[in-house]
Amino acid sequence: MTTIHQTTGPRTSPASAALSRFLVLDLTRVRSGPTCVRQLADWGADVIKIETPTDDAEMGGPRAGADFQNLHRNKRSLTLNLKSDEGMRIFRQLADKADVIVENFRPDVKTRLEIGYETLSASNPGLVYASISGFGQDGPLATRPGFDQIAQGMGGLMSITGAPGAGPMRVGIPIADLCAGIFAAQGILVALLERAVSGRGQWVQTSLLQAQVFMLDFQGARYLMEGEVAGQAGNDHPTVIPTGVFATRDGHMNIAVAGEVIWQRFAVAMGREDWLTDLRYADAEGRSTHRAALNAEIDAITATETTAHWVDMLTDAGVPAGEINDIAGVFANDQVQHLGMAAPMHSTERGETHVIAQPIKLSRTPSTVTAAPPTAGEHAEAILSGLGYDAAAIAAMRAKGVI
(Lines give C-alpha, C1' and ligand atoms only; values in the text may rest on other atoms or scores of the structure.)
Protein backbone atom coordinates (compact mmCIF):
# COMPACT_ATOMS: atom_id res chain seq x y z
CA MET A 1 0.00 0.00 0.00
CA THR A 2 1.24 3.51 -0.78
CA THR A 3 -0.06 6.95 -0.07
CA ILE A 4 0.51 10.04 -2.18
CA HIS A 5 1.69 13.14 -0.39
CA GLN A 6 0.21 16.17 -2.08
CA THR A 7 3.62 17.55 -3.15
CA THR A 8 6.38 15.01 -2.70
CA GLY A 9 5.41 11.85 -4.50
CA PRO A 10 4.61 8.35 -3.23
CA ARG A 11 5.76 6.97 0.09
CA THR A 12 5.13 3.78 1.98
CA SER A 13 2.36 3.67 4.54
CA PRO A 14 3.04 6.19 7.33
CA ALA A 15 4.09 4.92 10.74
CA SER A 16 0.90 6.38 12.21
CA ALA A 17 -2.11 8.32 11.00
CA ALA A 18 -1.59 10.87 13.77
CA LEU A 19 0.81 13.24 11.93
CA SER A 20 0.53 11.89 8.40
CA ARG A 21 -0.70 15.22 6.97
CA PHE A 22 2.53 17.03 7.85
CA LEU A 23 5.63 17.36 5.65
CA VAL A 24 8.91 17.67 7.57
CA LEU A 25 12.33 18.50 6.17
CA ASP A 26 15.12 16.98 8.27
CA LEU A 27 18.43 18.85 8.10
CA THR A 28 19.76 17.36 11.31
CA ARG A 29 22.90 15.45 12.17
CA VAL A 30 24.31 13.24 14.95
CA ARG A 31 21.75 12.86 17.80
CA SER A 32 19.71 15.71 19.25
CA GLY A 33 18.16 16.67 15.91
CA PRO A 34 17.52 13.12 14.69
CA THR A 35 15.94 12.34 18.07
CA CYS A 36 13.51 15.21 17.53
CA VAL A 37 12.66 14.18 13.98
CA ARG A 38 12.26 10.52 14.93
CA GLN A 39 9.40 11.58 17.20
CA LEU A 40 7.65 13.14 14.21
CA ALA A 41 8.44 10.28 11.80
CA ASP A 42 7.28 7.62 14.26
CA TRP A 43 3.91 9.37 14.50
CA GLY A 44 3.47 9.38 10.75
CA ALA A 45 4.85 12.69 9.48
CA ASP A 46 6.29 12.57 5.95
CA VAL A 47 9.92 13.18 6.86
CA ILE A 48 12.39 13.90 4.06
CA LYS A 49 15.93 13.54 5.32
CA ILE A 50 18.13 15.98 3.39
CA GLU A 51 21.65 14.57 3.04
CA THR A 52 24.77 15.61 1.20
CA PRO A 53 25.47 13.71 -2.06
CA THR A 54 28.71 12.42 -0.51
CA ASP A 55 28.74 10.43 2.71
CA ASP A 56 28.71 12.77 5.68
CA ALA A 57 31.00 11.76 8.54
CA GLU A 58 28.79 13.70 10.94
CA MET A 59 25.73 11.56 10.36
CA GLY A 60 26.35 9.83 13.67
CA GLY A 61 28.10 6.66 12.54
CA PRO A 62 27.78 4.18 9.68
CA ARG A 63 24.32 3.56 8.22
CA ALA A 64 24.50 -0.10 9.21
CA GLY A 65 25.34 0.82 12.81
CA ALA A 66 22.78 0.23 15.54
CA ASP A 67 22.71 3.92 16.45
CA PHE A 68 21.90 5.11 12.92
CA GLN A 69 19.33 2.36 12.42
CA ASN A 70 17.51 3.26 15.63
CA LEU A 71 17.50 7.01 14.92
CA HIS A 72 16.45 7.18 11.29
CA ARG A 73 13.58 4.72 10.75
CA ASN A 74 10.32 5.84 9.13
CA LYS A 75 12.01 8.55 7.00
CA ARG A 76 12.68 9.15 3.31
CA SER A 77 16.01 10.37 1.95
CA LEU A 78 16.95 12.96 -0.65
CA THR A 79 20.61 13.78 -1.28
CA LEU A 80 20.98 17.45 -2.13
CA ASN A 81 23.96 19.73 -2.62
CA LEU A 82 22.86 22.93 -0.90
CA LYS A 83 26.00 24.71 -2.10
CA SER A 84 24.81 24.49 -5.70
CA ASP A 85 22.21 26.80 -7.23
CA GLU A 86 20.10 23.89 -8.45
CA GLY A 87 20.28 22.14 -5.10
CA MET A 88 19.21 25.30 -3.30
CA ARG A 89 16.36 25.83 -5.76
CA ILE A 90 15.02 22.34 -5.04
CA PHE A 91 15.37 22.90 -1.32
CA ARG A 92 13.45 26.17 -1.53
CA GLN A 93 10.67 24.41 -3.45
CA LEU A 94 10.41 21.85 -0.68
CA ALA A 95 10.69 24.50 2.04
CA ASP A 96 7.79 26.43 0.53
CA LYS A 97 5.59 23.34 0.89
CA ALA A 98 6.92 22.09 4.24
CA ASP A 99 5.02 22.27 7.49
CA VAL A 100 8.16 21.80 9.58
CA ILE A 101 11.92 22.18 9.13
CA VAL A 102 14.32 20.92 11.80
CA GLU A 103 18.03 21.79 11.95
CA ASN A 104 20.80 21.52 14.52
CA PHE A 105 23.59 23.46 12.83
CA ARG A 106 25.70 25.89 14.79
CA PRO A 107 23.65 29.11 14.88
CA ASP A 108 25.66 30.94 12.20
CA VAL A 109 25.52 28.16 9.59
CA LYS A 110 21.89 28.56 8.54
CA THR A 111 22.41 32.31 8.15
CA ARG A 112 25.41 31.72 5.93
CA LEU A 113 23.46 29.23 3.81
CA GLU A 114 20.44 31.57 3.72
CA ILE A 115 18.10 28.88 5.04
CA GLY A 116 17.17 30.44 8.38
CA TYR A 117 13.66 30.99 9.68
CA GLU A 118 13.33 34.62 8.60
CA THR A 119 14.35 33.77 5.04
CA LEU A 120 12.19 30.69 4.57
CA SER A 121 9.11 31.96 6.41
CA ALA A 122 8.94 34.99 4.11
CA SER A 123 7.51 32.76 1.38
CA ASN A 124 5.96 30.16 3.72
CA PRO A 125 4.40 32.02 6.66
CA GLY A 126 2.92 28.81 8.04
CA LEU A 127 6.35 27.23 8.48
CA VAL A 128 7.28 25.83 11.89
CA TYR A 129 11.07 26.00 11.99
CA ALA A 130 12.90 24.22 14.83
CA SER A 131 16.51 24.89 15.80
CA ILE A 132 18.52 22.84 18.29
CA SER A 133 21.92 24.14 19.34
CA GLY A 134 24.49 23.58 22.04
CA PHE A 135 23.89 26.74 24.02
CA GLY A 136 21.15 28.79 22.35
CA GLN A 137 20.76 30.85 19.20
CA ASP A 138 22.25 33.99 20.76
CA GLY A 139 24.15 35.07 23.84
CA PRO A 140 27.83 34.99 24.84
CA LEU A 141 28.30 31.24 24.21
CA ALA A 142 26.01 30.81 21.20
CA THR A 143 28.78 30.01 18.73
CA ARG A 144 30.61 27.57 21.00
CA PRO A 145 30.39 24.00 19.62
CA GLY A 146 28.01 21.87 21.66
CA PHE A 147 28.43 18.26 22.78
CA ASP A 148 26.33 16.21 25.18
CA GLN A 149 28.98 15.69 27.86
CA ILE A 150 29.87 19.38 27.78
CA ALA A 151 26.22 20.21 28.46
CA GLN A 152 26.03 17.60 31.24
CA GLY A 153 28.94 19.34 32.94
CA MET A 154 27.87 22.93 32.37
CA GLY A 155 24.26 22.11 33.25
CA GLY A 156 25.15 20.74 36.69
CA LEU A 157 24.28 17.10 36.15
CA MET A 158 27.81 15.76 36.57
CA SER A 159 28.16 17.53 39.94
CA ILE A 160 25.26 15.53 41.42
CA THR A 161 26.00 12.19 39.72
CA GLY A 162 28.30 9.56 41.20
CA ALA A 163 29.57 8.67 44.65
CA PRO A 164 30.29 11.45 47.17
CA GLY A 165 33.85 12.69 46.82
CA ALA A 166 34.54 10.62 43.70
CA GLY A 167 34.63 13.60 41.35
CA PRO A 168 32.23 14.53 38.54
CA MET A 169 30.53 11.67 36.72
CA ARG A 170 28.59 11.66 33.44
CA VAL A 171 25.44 9.60 33.15
CA GLY A 172 25.47 6.57 30.87
CA ILE A 173 23.31 7.99 28.09
CA PRO A 174 23.55 11.28 26.14
CA ILE A 175 20.76 12.76 28.20
CA ALA A 176 21.24 16.39 27.15
CA ASP A 177 21.06 15.43 23.47
CA LEU A 178 18.04 13.21 23.98
CA CYS A 179 16.10 15.68 26.10
CA ALA A 180 16.86 18.58 23.75
CA GLY A 181 15.50 16.51 20.87
CA ILE A 182 12.36 15.50 22.72
CA PHE A 183 11.74 19.07 23.92
CA ALA A 184 12.17 20.33 20.36
CA ALA A 185 9.58 17.82 19.15
CA GLN A 186 7.23 18.97 21.89
CA GLY A 187 7.78 22.59 20.85
CA ILE A 188 7.01 21.72 17.23
CA LEU A 189 3.74 20.05 18.20
CA VAL A 190 2.78 23.06 20.34
CA ALA A 191 3.54 25.38 17.41
CA LEU A 192 1.49 23.23 15.02
CA LEU A 193 -1.45 23.30 17.43
CA GLU A 194 -1.19 27.10 17.67
CA ARG A 195 -0.90 27.38 13.88
CA ALA A 196 -4.29 25.70 13.56
CA VAL A 197 -5.72 28.80 15.28
CA SER A 198 -3.53 31.61 13.93
CA GLY A 199 -2.55 30.20 10.54
CA ARG A 200 1.03 31.28 11.21
CA GLY A 201 4.15 29.29 11.96
CA GLN A 202 6.96 30.30 14.28
CA TRP A 203 10.56 29.63 15.25
CA VAL A 204 11.01 26.92 17.87
CA GLN A 205 14.34 27.01 19.70
CA THR A 206 16.00 24.87 22.34
CA SER A 207 19.51 23.78 23.23
CA LEU A 208 21.43 21.07 25.02
CA LEU A 209 22.20 23.48 27.86
CA GLN A 210 18.58 24.57 28.31
CA ALA A 211 17.40 20.96 28.26
CA GLN A 212 19.96 19.93 30.85
CA VAL A 213 19.17 22.82 33.18
CA PHE A 214 15.44 22.04 32.93
CA MET A 215 16.15 18.41 33.75
CA LEU A 216 17.75 19.42 37.06
CA ASP A 217 14.11 19.68 38.12
CA PHE A 218 13.78 19.48 41.93
CA GLN A 219 17.52 19.84 42.46
CA GLY A 220 17.46 23.12 40.53
CA ALA A 221 14.32 24.22 42.36
CA ARG A 222 15.97 23.49 45.73
CA TYR A 223 18.68 25.98 44.80
CA LEU A 224 16.39 28.65 43.33
CA MET A 225 13.95 28.55 46.26
CA GLU A 226 16.07 27.45 49.22
CA GLY A 227 19.65 28.19 48.22
CA GLU A 228 20.68 24.54 48.60
CA VAL A 229 23.51 23.37 46.33
CA ALA A 230 23.09 19.61 45.99
CA GLY A 231 26.11 17.35 45.88
CA GLN A 232 26.75 13.77 44.91
CA ALA A 233 24.68 11.17 46.71
CA GLY A 234 25.71 8.06 44.79
CA ASN A 235 22.90 5.51 44.72
CA ASP A 236 21.11 7.11 47.65
CA HIS A 237 18.19 9.37 46.89
CA PRO A 238 19.17 12.87 48.01
CA THR A 239 16.01 13.53 50.04
CA VAL A 240 13.97 10.30 50.34
CA ILE A 241 15.51 7.95 52.90
CA PRO A 242 16.03 5.01 52.90
CA THR A 243 16.00 4.87 49.11
CA GLY A 244 18.94 3.36 47.26
CA VAL A 245 20.82 0.24 46.23
CA PHE A 246 21.15 -2.66 48.65
CA ALA A 247 23.16 -5.87 48.41
CA THR A 248 21.35 -9.20 48.11
CA ARG A 249 22.56 -12.79 48.18
CA ASP A 250 22.85 -12.85 44.39
CA GLY A 251 23.44 -9.21 43.46
CA HIS A 252 21.81 -5.88 44.21
CA MET A 253 18.34 -4.33 44.25
CA ASN A 254 16.64 -0.96 44.56
CA ILE A 255 14.36 -0.13 47.46
CA ALA A 256 12.39 3.14 47.63
CA VAL A 257 10.88 4.06 50.99
CA ALA A 258 9.06 7.35 50.49
CA GLY A 259 6.98 8.82 53.29
CA GLU A 260 5.97 7.66 56.74
CA VAL A 261 3.34 5.13 55.65
CA ILE A 262 5.76 3.24 53.43
CA TRP A 263 8.47 3.51 56.11
CA GLN A 264 6.15 1.76 58.56
CA ARG A 265 5.30 -0.94 56.01
CA PHE A 266 8.97 -1.44 55.29
CA ALA A 267 9.99 -1.81 58.92
CA VAL A 268 7.26 -4.38 59.54
CA ALA A 269 8.06 -6.30 56.34
CA MET A 270 11.74 -6.50 57.27
CA GLY A 271 10.89 -7.77 60.76
CA ARG A 272 12.35 -4.64 62.32
CA GLU A 273 9.46 -2.95 64.09
CA ASP A 274 12.08 -1.68 66.53
CA TRP A 275 13.13 0.83 63.85
CA LEU A 276 9.80 2.58 64.38
CA THR A 277 10.66 3.35 68.01
CA ASP A 278 14.39 3.99 67.46
CA LEU A 279 14.83 7.74 68.02
CA ARG A 280 17.49 7.88 65.31
CA TYR A 281 14.94 6.84 62.71
CA ALA A 282 11.80 8.40 64.17
CA ASP A 283 11.32 10.90 61.39
CA ALA A 284 12.66 11.80 57.94
CA GLU A 285 15.22 14.21 59.37
CA GLY A 286 16.58 11.56 61.71
CA ARG A 287 16.77 8.97 58.96
CA SER A 288 18.69 11.49 56.86
CA THR A 289 21.14 12.24 59.66
CA HIS A 290 21.69 8.55 60.37
CA ARG A 291 21.45 7.36 56.77
CA ALA A 292 24.73 5.39 56.84
CA ALA A 293 23.80 3.43 59.95
CA LEU A 294 20.31 2.65 58.66
CA ASN A 295 21.61 1.58 55.26
CA ALA A 296 24.12 -0.76 56.92
CA GLU A 297 21.36 -2.40 58.95
CA ILE A 298 19.23 -2.87 55.84
CA ASP A 299 22.18 -4.29 53.87
CA ALA A 300 22.84 -6.84 56.61
CA ILE A 301 19.28 -8.14 56.19
CA THR A 302 18.94 -8.01 52.40
CA ALA A 303 22.23 -9.87 51.93
CA THR A 304 20.64 -12.99 53.43
CA GLU A 305 18.18 -13.61 50.57
CA THR A 306 17.99 -13.29 46.79
CA THR A 307 16.86 -10.24 44.89
CA ALA A 308 13.75 -12.09 43.68
CA HIS A 309 12.80 -12.96 47.26
CA TRP A 310 12.99 -9.37 48.44
CA VAL A 311 11.29 -7.86 45.38
CA ASP A 312 8.34 -10.23 45.74
CA MET A 313 8.11 -9.80 49.50
CA LEU A 314 8.38 -6.01 49.51
CA THR A 315 6.00 -5.64 46.57
CA ASP A 316 3.42 -7.71 48.45
CA ALA A 317 3.95 -5.40 51.44
CA GLY A 318 3.35 -2.30 49.34
CA VAL A 319 6.97 -1.14 49.36
CA PRO A 320 8.50 -0.14 45.98
CA ALA A 321 11.40 -2.43 45.08
CA GLY A 322 12.99 -3.70 41.89
CA GLU A 323 15.76 -5.56 40.17
CA ILE A 324 18.79 -3.79 38.70
CA ASN A 325 19.06 -5.08 35.14
CA ASP A 326 21.84 -4.85 32.63
CA ILE A 327 20.72 -3.98 29.10
CA ALA A 328 20.15 -7.64 28.19
CA GLY A 329 18.09 -8.05 31.33
CA VAL A 330 15.95 -5.06 30.39
CA PHE A 331 14.81 -6.58 27.09
CA ALA A 332 14.39 -10.02 28.67
CA ASN A 333 12.06 -8.58 31.31
CA ASP A 334 8.51 -9.89 31.00
CA GLN A 335 6.92 -6.47 31.44
CA VAL A 336 9.22 -4.81 28.90
CA GLN A 337 8.33 -7.54 26.41
CA HIS A 338 4.63 -7.13 27.20
CA LEU A 339 4.95 -3.40 26.47
CA GLY A 340 6.52 -4.16 23.09
CA MET A 341 9.59 -1.98 23.60
CA ALA A 342 11.62 -3.90 21.00
CA ALA A 343 10.00 -3.17 17.64
CA PRO A 344 10.76 -5.52 14.71
CA MET A 345 12.23 -3.95 11.58
CA HIS A 346 13.60 -5.23 8.28
CA SER A 347 16.78 -3.26 7.60
CA THR A 348 18.41 -2.94 4.19
CA GLU A 349 21.83 -3.24 5.79
CA ARG A 350 21.11 -5.68 8.64
CA GLY A 351 18.12 -7.77 7.60
CA GLU A 352 15.64 -8.72 10.33
CA THR A 353 16.39 -6.77 13.49
CA HIS A 354 14.78 -4.70 16.25
CA VAL A 355 14.81 -1.04 17.28
CA ILE A 356 13.51 0.67 20.41
CA ALA A 357 9.79 1.35 20.15
CA GLN A 358 8.00 4.55 21.11
CA PRO A 359 7.16 4.68 24.83
CA ILE A 360 3.77 6.28 24.17
CA LYS A 361 0.61 4.34 23.37
CA LEU A 362 -2.29 5.88 21.44
CA SER A 363 -5.46 3.84 21.25
CA ARG A 364 -6.55 4.79 17.70
CA THR A 365 -3.38 5.93 15.93
CA PRO A 366 -0.49 3.91 17.36
CA SER A 367 3.10 4.30 16.24
CA THR A 368 4.73 1.51 14.25
CA VAL A 369 7.96 0.96 12.35
CA THR A 370 6.87 0.77 8.73
CA ALA A 371 10.14 1.72 7.04
CA ALA A 372 13.77 1.03 7.80
CA PRO A 373 16.30 3.86 7.63
CA PRO A 374 16.60 4.86 3.98
CA THR A 375 19.71 4.42 1.91
CA ALA A 376 21.25 7.76 0.92
CA GLY A 377 19.06 9.41 -1.72
CA GLU A 378 16.76 6.39 -1.91
CA HIS A 379 13.66 8.46 -2.56
CA ALA A 380 15.11 11.11 -4.88
CA GLU A 381 13.06 10.10 -7.92
CA ALA A 382 9.76 9.96 -6.03
CA ILE A 383 10.33 13.28 -4.27
CA LEU A 384 11.61 15.17 -7.32
CA SER A 385 8.93 13.82 -9.63
CA GLY A 386 6.42 15.03 -7.07
CA LEU A 387 7.91 18.51 -7.56
CA GLY A 388 7.47 18.24 -11.33
CA TYR A 389 10.94 17.12 -12.50
CA ASP A 390 11.00 14.47 -15.24
CA ALA A 391 13.38 11.52 -15.51
CA ALA A 392 15.80 13.35 -17.82
CA ALA A 393 16.09 16.35 -15.47
CA ILE A 394 16.65 14.07 -12.48
CA ALA A 395 19.35 12.11 -14.36
CA ALA A 396 21.08 15.36 -15.32
CA MET A 397 21.10 16.58 -11.72
CA ARG A 398 22.52 13.27 -10.56
CA ALA A 399 25.29 13.48 -13.18
CA LYS A 400 26.23 16.99 -12.00
CA GLY A 401 26.30 15.99 -8.32
CA VAL A 402 23.28 18.13 -7.39
CA ILE A 403 21.60 15.04 -5.93
Grab the strands (runs of 3 or more DSSP E) fully contained in region 291-403, keeping just those with 1 or more residues being touching a Cys at 6+ places or on another chain (Cβ under 7 Å) and without any contact (Cβ under 8 Å) to a residue 40 or more places away in the chain. none
Leading residue by the ranking (surrounded by the most Cβ atoms within 10 Å (Cβ to Cβ)) among those in region 369-380 that are touching a helix residue (DSSP H, G or I) at 6+ places or on another chain (Cβ under 8 Å) and over 17 Å from ARG92 (Cα atoms): PRO373
Which one of the conditions (1) within 15 Å of GLY244 (Cα to Cα); (2) under 38 Å from the mean Cα position of the chain (by Cα) does GLU297 fail to meet, given that it meets all the rest? (2)
Just one listed residue, out of PRO125, PRO145, is closer than 25 Å to LEU23 by Cβ, more than 17 Å from the chain's Cα centre (by Cα) and either assigned to a loop (DSSP other than H, G, I, E, B) or among the small types (Gly, Ala, Ser) (or both), and it is PRO125
Just to check your reading of the model, which residue among ASP236, ASP177 is touching a helix residue (DSSP H, G or I) at 6+ places or on another chain (Cβ under 6 Å) and outside the structural domain of ALA317 (by TED's automatic domain parsing)? ASP177
The listed residue being touching a residue at least 40 places away in the same chain (Cβ under 8 Å), of a type in the set (Asp, Glu) and surrounded by 15 or more Cβ atoms within 10 Å (Cβ to Cβ), out of ASP250, ASP236: ASP236
Tally the residues that are at negative phi and either in the same structural domain as ARG249 (by TED's automatic domain parsing) or under 21 Å from the mean Cα position of the chain (by Cα) (or both), restricting the search to region 339-352. 6
Give the residues of region 61-87 that are of a type in the set (S, T, N, Q) and either over 26 Å from ALA372 (Cβ atoms) or touching a helix residue (DSSP H, G or I) at 6+ places or on another chain (Cβ under 7 Å) (or both), sorted by residue number. ASN74, THR79, ASN81, SER84
Scanning region 255-290 for residues that are over 35 Å from the mean Cα position of the chain (by Cα), part of a helix (DSSP H, G or I) and of a type in the set (S, T, N, Q), which turns out farthest from GLU323 (Cα to Cα)? THR289
For region 215-230, how many residues meet the condition of being assigned to a helix (DSSP H, G or I) and either under 19 Å from LEU178 (Cα atoms) or in contact (Cβ under 8 Å) with a residue 24 or more places away in the chain (or both)? 2
Going by what's in this entry, would LEU113 be described as surrounded by fewer than 21 Cβ atoms within 10 Å (Cβ to Cβ), modelled with pLDDT under 95, within 24 Å of ALA41 (Cβ to Cβ) and out of contact with any helix residue (DSSP H, G or I) (no Cβ under 6 Å at 6 or more places or on another chain)? yes
Please verify whether region 273-288 includes one or more residues that are in contact (Cβ under 8 Å) with a residue 24 or more places away in the chain, outside the structural domain of PRO359 (by TED's automatic domain parsing), on the phi < 0 side of the Ramachandran plot and loosely packed, with under 15 Cβ neighbours inside 10 Å. no
Looking at region 88-95, is at least one residue free of Cβ contacts under 8 Å to residues at least 40 places away in the same chain, more than 28 Å from ALA196 (Cβ to Cβ) and out of contact with any helix residue (DSSP H, G or I) (no Cβ under 7 Å at 6 or more places or on another chain)? yes
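The values are calculated or read from the model by the stated rules, or taken from the named source; none is laboratory data. Just so it is clear, the model here is predicted, and its values are computed rather than measured. Backbone-built Cβ (ideal geometry, glycine too); neighbour counts: all protein chains shown.
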